[in-house]
Structures are given as structure tokens and as C-alpha cells.
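> Got a structure here, written out as C-alpha cells. Questions coming.
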Amino acid sequence: MIVLGIDTSCDDTSIAVYNGKENRMLSNIVSSQYQFHQEFGGVVPEIAARKHAENIDIVFNEALKVAGIEVSDIELVAVTRTPGLLPALLVGVTFGKGIAYWREIPLKGVHHIEAHIFSPFIGKVPEFPFLSLVVSGGHTLIVLVEGLGKYKLIGKTLDDAVGEAYDKVAKMLGLGYPGGPVIDKIYKNYDGDFIDLPKPRAPQFNFSFSGLKTAVRRLIEKGYPVEQVAASFQKTAIEYLTGKLKKAIKELKVKKVAIAGGVSANSLLRESLKIMQVEKNLNLFLPEMEFTSDNGAMVAYVGYRKFLIEGEDSLSMNAIARSSL
Ligand code: ATP
Ligand code: FE
């Protein structure tokens, strides 16, 4: 079955073509709009929607071309319907519905976070149960994944998401948007001393990032160098994530661990987990770099599997801005 996967939940217009039966991704095109949002230091929903509308057809044609297929080859449309920026989501959902109606093929709505969770398994077969650390622009979760659609929330952020904290810290430091990649790069090139930042307190396996943000602001006000502040923030934030994850692994006695979302591209997080893998004898699943931030591939992958279990969605399906897993 040839599956089209569409994601327009935030500021990336992405479409992938996936051969479900052979479990092979044939193309995954991502058109990023970050330069249009940079001057605002974050994503502006109306600009995102307009850019999606301008780009989606170009991205679609490119995805077909790279995959070497025709429109008539598509047999299922999978599209992110929730959560995300409503005006942005609507562009992808409307486009997906249009293709499904025109080609008379089934439509499947996908939960964006569910898609992220399975991104480490693209081209592979998921091994249940596994513990997933979801670290993205809007979410910071620890989830026990017992099967497709079977999730137990173990912990979550009580305020900002870690990606959001990266973006806000970068904005305060004048490093532009998105902040994650810039701060990560600074960290990699930094060889000075780190400033001790307090690890935020949150009960059990929950997280909090707002205190860390305030601590960073104080350092900036005191005149510490940008590189030292950025590198110290990354060290603290990632140690905090891995510390909580380690605690959850121990308490839940799991051996299979995965990470997902934009922040799973982070070099220190990936390195730390590889060390933890050896120490704790874990089965570690990291997404390929191209599947860390938003992409149509993960939507196609999950949409196909959900379609096999649940069947199609109606064409009256709509986008929803907020929803839990
Ligand atoms: P959500 O998936 O929760 O709806 P989103 O789709 O906006 O949110 P993603 O695209 O998954 O989020 O991730 C984007 C986030 O990842 C941004 O906050 C960005 O700064 C962060 N990010 C990207 N690369 C890195 C990196 N190397 N290190 C840390 N953070 C990173
Ligand atoms: Fe995302």
C-alpha cells in the first residue's frame, strides 16, 4: 500500500511517500519556514498557515517525484490532525482530504505526538513495551508505550517544554530561532568552565523548565558571556532530562528506551543516552536525524499502521488544536 504522509502542524511543510507493505520510505520532503518566523523569535500561526498554503503543492509534487510515483499510485492519505497550530493544521488536513476525495482513497488522521513516538522505528518494526522520552517544541513527556495506541503517561512538564525553553533562552541570548540547533552547536565548540545552574524541582518523573529560564536570565543580566550561558544551559537541561529518564527506567524496570521530537537531535542527549545504554545494558532506539523534527514520514508510518487496525476516518474529520495522546 502506497501511503502519503502529510504534516503541517507547526512551521514545516512536510510530505512523505511510504510503501507500507515493504516498510520503505520512498521520499520525505520538508520545507522549513523558520526564516519567516525568525524576526518574531517564534512561530506566528497566521504566517505559518499562509506559507503552508503557498508551499504544499510544491512539496507534494517533489515528494511524488523523488518517490518515483504518480498521483494515481497513492492508496492512503495520512495527515496530522492534532495537536498543533490550528490554522497550520487546517492546511494539511484540507489538502489531504482533497486528495482522498479526488482519488477516492481512504483518509487517516494522525496524532502528531504519536507520530513522533514511532519515529525511531521508521523502516523497522517497533518492539513493545518501550519507554519513550518525547522532547519537542511543545511537549516533554515520558511515556510507557505498550503497543500502538496503548500509552501510559509516566511524567510530563508542568510548565514549558524543553524545546520551548531552548527557543526562549536563545531568544534572550539574541541567537535567533529555532534555538536548539544554535545552542547545541555552541555547546559542541565550547571548552570553558560551566556555570552551575539549579536543576528545577518537579515531583516524580515530571519536569519543570521555567525556573531554569529565569536562572539563565539572571546570568545574562550579570553579564556572563553568551557562549558560557548557552553551554551551561544545555548541560543542565540535558542532565535533567537524562536524570529523570534514568530514574523512570529503574523504577519501571524497562530495558527498551526510545527518544523522539526535535530535541532528540541534540548531540549531548544522544551521547548521554549511548553511555546510559552501555551502563544499563539497554536497547536504545534513536530516530534518524531527518526524522527528529517534524516530518511527513512519521505520519505515514503511524497512519498506515493505525489504518490497518482501525480503518479509515470520515471526510468530515477535522483539525483539533489541542489534545492529549
Ligand atoms: P510538538 O511536536 O510538541 O507539537 P514542534 O512540532 O514544534 O512541537 P519539533 O519540530 O518536534 O516541535 O521540535 C522543534 C524543537 O526542537 C524546537 O524547539 C527546536 O529548538 C528543538 N531542537 C531542534 N534541534 C535541536 C537540538 N539539536 N538541540 C536541542 N533542541 C533542538
Ligand atoms: Fe513536532
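Readers should treat all values here as calculations from the given coordinates under stated rules, not as data from a laboratory. Just so we're clear, the structure is a prediction, and the values are computed from it rather than from any experiment. Positions of Cβ are backbone-derived with ideal geometry, glycine not excepted, and every protein chain shown enters the neighbour counts.
> Compute the separation of the alpha-carbon centres of segment 94-114 and segment 64-93 and state it in Å as a whole number.
6
> Spelling out what I want: for every residue of segment 76-92, take phi, set θ = phi - 60°, compute 6.51 cos²θ - 1.76 cosθ + 1.60 (Karplus), and round to whole Hz; glycine and proline get x.
Computed from phi, the couplings for segment 76-92 are 8, 10, 10, 9, 5, 10, 6, x, x, 7, 4, x, 6, 4, 4, 5, x Hz.
> Equivalent ellipsoid semi-axes for the chain, as square roots of 5 times the alpha carbon gyration tensor eigenvalues: give them largest first, rounded to whole Å.
Details: eigenvalues 228, 106, 52 Å².
Working through the eigenvalues yields semi-axes of 34, 23, 16 Å.
> Check cross-link reach from K150 to the aspartates and glutamates: straight Cα distance under 14 Å, and skip same-chain residues fewer than eight apart.
E114, E127, E310
> Now, a different point. Would you list the P(r) distribution for segment 126-286, with all Cα-Cα distances sorted into 10 Å bins from 0 and each bin expressed as a whole %?
Per 10 Å bin, starting at 0, the Cα pair percentages come out as 11, 42, 33, 13, 2.
> Hey, another quick one. On a C-alpha basis, how far is the centre of segment 226-250 from the centre of segment 10-32 in Å? Whole number, if you could?
Using only Cα atoms to place each centre, the spacing works out to 31 Å.
> Helix 179-189 against the longest principal axis of the chain: what's the angle in degrees, Cα atoms only, rounded to the nearest 10?
Tilt relative to the chain: about 50 degrees.
> Relative contact order for the chain using alpha-carbon pairs under 8 Å, separation at least 6, rounded to a whole percent?
Worked out over the chain, it gives 25 percent.
> Follow-up question, since we're still on this one. Relative to the Cα centre, what is the charge dipole magnitude of segment 1-79, using +1 at the beta carbon of each Lys and Arg, -1 at the beta carbon of each Asp and Glu, and rounding to the nearest 20 debye? Kindly include the intermediate steps, with their values, before the conclusion.
Working: 5 positive and 12 negative charges, 29 e Å.
My answer is approximately 140 debye.
> Would you mind working out the magnitude of the charge dipole of segment 126-286 relative to its Cα centre, with +1 at each Lys and Arg C-beta and -1 at each Asp and Glu C-beta, to the nearest 20 Debye?
460
> If you don't mind, there's one more thing I want to ask. Can you run phi through the Karplus equation (6.51, -1.76, 1.60; θ = phi - 60°) for segment 301-308 and list ³J(HN,Hα) in whole Hz, with x for Gly and Pro?
Once rounded to whole Hz, the list reads 4, 6, x, 4, 5, 5, 4, 4.
> Quick one: Karplus J couplings for segment 248-263, per residue in order, coefficients 6.51, -1.76, 1.60, θ = phi - 60°, nearest Hz, x for Gly and Pro?
Couplings: 5, 4, 5, 5, 8, 6, 9, 10, 9, 10, 10, 10, 7, x, x, 6 Hz.
> If you take every DSSP beta bridge whose two residues both sit in the chain, what share of them, in percent to the nearest 5, is antiparallel? Could the numbers behind the result be given before it?
Working: 27 of 44 bridges.
In the chain, DSSP labels about 60 percent of beta bridges as antiparallel.
> Also, I was wondering about something else. Over 23 Å between C-alpha atoms is what I'm after, so list which of K156/K246; K124/K306; K51/K235; K152/K246 land there.
Details: K156/K246 15 Å; K124/K306 16 Å; K51/K235 35 Å; K152/K246 17 Å.
Violating the 23 Å Cα-Cα cut-off are K51/K235.
> Here is a further query. Report the gain in length on full extension from E62 to S32: 0.36 nm times residue separation, minus Cα-Cα distance, nm rounded to one decimal.
Taking E62 through S32 to full extension adds about 9.4 nm, to one decimal.
> Filter the chymotrypsin sites (Phe, Trp or Tyr not before Pro) in segment 101-194 down to the DSSP loop ones having no more than 16 other Cβ atoms within 10 Å, then list what survives.
Taking segment 101-194 and a limit of 16 other Cβ atoms within 10 Å, the loop chymotrypsin sites (Phe, Trp or Tyr not before Pro) found are F194.
> Now for a separate question. Quote the charge dipole size of the chain about the Cα centre in Debye, to the nearest 20; the model charges only the Cβ of Lys and Arg (+1) and of Asp and Glu (-1).
Charge dipole, the chain, about its Cα centre: 1240 debye, nearest 20.
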